[in-house]
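Here's the structure, in structure tokens; my notes come after.
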Amino acid sequence: MEDVLSEVCSSEDLKVFEKKYNDELVKGLVSSTTQFEYACFLVRSRYPADIQRGVVLLEELYKRPEEIGKRDYVFYLAIGNARLKEYQTALNYLKGLLRVEPGNRQVQELETGAAIAGGAILGVGALIGLGMALAKK
């Protein structure tokens, strides 16, 4: 599942969905499907600003009361947050999904990947802090 966290979409694919999204936006009504597709590509961009924009679009979709694809929104919110190194937020989304779908292997694997990545970041931070403390002595 580490692939999901490191997978990057092509600029060309992103531009296709961006154009579709913007065309609908100009007309005054963006469909949930178009917004979701665009957000999924943004979340898989190599640029943090794009990923953040994708997370915002997914959060908007999730907050709509009439939406039925909330499971998919939450899953991609977890991916986006993990890619932004917001591991605790990503894990919270994944834990919520696992409460509803405890046997979902895809979610379990992403949770493991996010936990490992988040733990590695914490470990590096602890080593740096230890090194600085020793250097002061």
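Throughout, read-outs are computed from the coordinates displayed, never taken from laboratory work. The shown structure was predicted, so the numbers you read here are calculated from the model rather than taken from an experiment. A quick note on method: Cβ atoms are made from the backbone with ideal geometry, for glycine too, and the neighbour counts reach across all protein chains shown.
Of everything in the stretch 98-115 that is among the aliphatic types (A, V, I, L, M) and without any contact (Cβ under 8 Å) to a residue 40 or more places away in the chain, the residue that is surrounded by the most Cβ atoms within 10 Å (Cβ to Cβ) is VAL107. Could you grab me the full set of residues in the stretch 95-114 that are under 20 Å from LEU61 (Cα atoms) and within 11 Å of the chain's Cα centre (by Cα)? Scanning the stretch 95-114 gives no hits.
Number of residues in the stretch 87-96 that are crowded, with 22+ Cβ neighbours inside 10 Å and over 17 Å from ARG44 (Cα atoms): the value is 2. Restricting to the stretch 31-86, and then to whatever is of a type in the set (D, E, K, R) and not in a helix (DSSP H, G or I), can you tell me which residue is surrounded by the fewest Cβ atoms within 10 Å (Cβ to Cβ)? Of everything passing the filter in the stretch 31-86, GLU66 is surrounded by the fewest Cβ atoms within 10 Å (Cβ to Cβ). With respect to VAL26, is the statement that it is under 24 Å from GLU111 (Cβ atoms) and either within 17 Å of the chain's Cα centre (by Cα) or surrounded by fewer than 12 Cβ atoms within 10 Å (Cβ to Cβ) (or both) true? The answer is no for VAL26.
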